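The values are calculated or read from the model by the stated rules, or taken from the named source; none is laboratory data. The shown structure was predicted, so the numbers you read here are calculated from the model rather than taken from an experiment. Here the Cβ positions follow ideal geometry from the backbone for every residue, glycine too, while neighbour counts run over all protein chains shown. Keep in mind that these areas ignore ligands, DNA and RNA; they rest on the heavy atoms of the full protein, side chains included. Shrake-Rupley method; radii C 1.70, N 1.55, O 1.52, S 1.80 Å.
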Amino acid sequence: MTDLLVRGGTLVTAAGSRVADLAVDGGRIAAIEPDLSGLAASAGETIDASGLLVLPGVVDVHTHTRVATDAEPDRFFQDSMAAAYGGTTTFLAFNNPGTGSSPAAERSLVAGLREWRTATDSDSAIDYGVSLVVSGRMEDPVAELPDVIDAGVATCKAFMIFDFRLDDRRLFEAMRTMGRRNGMLQVHCEDPVLLDAAVNDALERGNVSPHYHAATRPSYVEAVATARAAAFARLADVRTHVVHLSSAVALDEVRAARAAGVAISAEAVPAYLVLTEERYEDPDPVSCARFLISPPLRTPADRDALWAGLADGSIDLVATDHVPDRLAVEKAQAAQGVPFNEISNGAPGIETLLTLLYSEGVARGRLTLERMVDLIATTPARRFGLGTKGALEVGRDADLVLFDPAAHRTIRATDLHHTSDYTPYEGLEVTGAVRDVFLRGRAVIHDTAFVGHRGAGTFQERAIST
């Protein structure tokens, strides 16, 4: 007996698209054929996907989703549900400060993993995993990296900035240790010397409003750090991943590193593909603080360069960098005159990834459908050790999205389901909408309504193949 039969949709993979039927059995894709009508009589459920795109579930490898607390017991679950509404069936979260980590977790990778696993157990509507943050506050994080890789956490992240930054020597050692154990270090690339000097100069001049955030983070601050991370990976002869690439000059450094044989990958984030630096001209400090992200929004020329990089393969994937900040809480300090460097960085986006990439990419002719699927499903799954995810292939998990390419809507915060109280894309008119989402063959979203349940998602132990 077939559990689920999806008929007549346009199945999209990174390699091509075709109208076909897809059968699911035991949570896995069991068959893909032009006509599986013979299975209809015995199928547990048959879905007519005529006129719809059938996509692999989105794999979002960059979120700062916060774990539940006594005061906010639903925040991890709610953001996982929001992800499902947007077509994401697997997400990875970081445990950096601000996401719910205890002081003990900020001192030890192993303690942090144990704590995060306990906090998120049976709490997600979709499949999930963690990329641990290697912090400069930790006692000896490099020594603990083999243990967390053995525990199924194949990727970790280090920051070059902020008060928990990893200094260059330990950054290099972390990168080398992870690479030699078939793991991969993700790096937030901004130069701390240049950045700190620019911020201090701005504050001394009394330039404290959110408007000055971007001015203290020019694109060369990102480019210099990207070049240094690439040089570390080159000497260590390991792979590394640059998160949230935002500028043309940083992209040039990635291209140069690849030309030199460095196994470096890079990701884009929708904010840098849709929004530009003019958002910092908003005179309302709280409204302006909606766009306090690091790196900051860039010029239209940078935005166009990123789209070109996505199309030509220079940028490998797109993820959200979702931070569920709220105007009424984390961003509210802007109204009190708190300097821009002390206001929480980040913006929500866990629910809008697929829609934005389809609408701004595919519908506008910047990307093919197949390239979009590669960027948000196939490559993230492969690069981050999710071997059963990311593609419509027999034997893979039946994580499916039925997407209506003809739908039109306007993004409004009131229509979204994440734990933030705003969206940086408010008022943006978009093409395309998610209709149904299946996690391992079971409906999570049906006809745009949530029909899943808390705890349906399972923790993904990951190993990156050599």
In this structure, does SER50 turn out to be over 27 Å from VAL451 (Cβ atoms) and either over 19 Å from the mean Cα position of the chain (by Cα) or outside any helix (DSSP H, G or I) (or both)? no
Within region 421-461, which residues are touching a Gly at 6+ places or on another chain (Cβ under 9 Å), part of a loop (DSSP other than H, G, I, E, B) and surrounded by 21 or more Cβ atoms within 10 Å (Cβ to Cβ)? THR423, PRO424, TYR425, ARG440, GLY441, GLN460
Going residue by residue through region 277-298, is there one that turns out to be surrounded by fewer than 23 Cβ atoms within 10 Å (Cβ to Cβ), within 17 Å of THR99 (Cα to Cα) and modelled with pLDDT of 95 or more? yes
Say whether the condition of being free of Cβ contacts under 8 Å to residues at least 40 places away in the same chain and under 30 Å from GLY455 (Cβ atoms) is met by at least one residue in region 157-174. no
How many of the residues in region 15-50 are crowded, with 21+ Cβ neighbours inside 10 Å and touching a helix residue (DSSP H, G or I) at 6+ places or on another chain (Cβ under 8 Å)? 2
Checking VAL249 against (1) open to solvent by less than 40 Å² (accessible area, probe 1.4 Å); (2) under 30 Å from GLY361 (Cβ atoms); (3) touching an Asp or Glu at 6+ places or on another chain (Cβ under 8 Å), the condition it does not meet: (1)
Name, by its number, the condition in (1) closer than 30 Å to ILE343 by Cα; (2) assigned to a loop (DSSP other than H, G, I, E, B); (3) touching a Gly at 6+ places or on another chain (Cβ under 7 Å); (4) not aromatic (Phe, Trp, Tyr) that does not hold for THR90. (2)
With the structure loaded, tell me whether ALA319 is closer than 21 Å to PRO218 by Cβ and either surrounded by 24 or more Cβ atoms within 10 Å (Cβ to Cβ) or not basic (Lys, Arg) (or both) or whether it fails that test. no
Got a sec? Which helices (runs of 4 or more DSSP H) wholly within region 100-187 have at least 3 residues that are open to solvent by 40 Å² or more (accessible area, probe 1.4 Å) and farther than 26 Å from ALA230 by Cβ? 109-120
Count of region 361-391 residues which are assigned to a helix (DSSP H, G or I) and open to solvent by less than 20 Å² (accessible area, probe 1.4 Å): 9
Going by what's in this entry, would GLY349 be described as in contact with a strand residue (DSSP E or B) (Cβ under 9 Å, 6 or more places away or on another chain), modelled with pLDDT of 95 or more and either aromatic (Phe, Trp, Tyr) or under 30 Å from PRO192 (Cα atoms) (or both)? yes
Among the residues of region 300-314, write down those that are within 12 Å of TYR272 (Cα to Cα), surrounded by fewer than 15 Cβ atoms within 10 Å (Cβ to Cβ) and either touching an Asp or Glu at 6+ places or on another chain (Cβ under 7 Å) or of a type in the set (D, E, K, R) (or both). ASP304
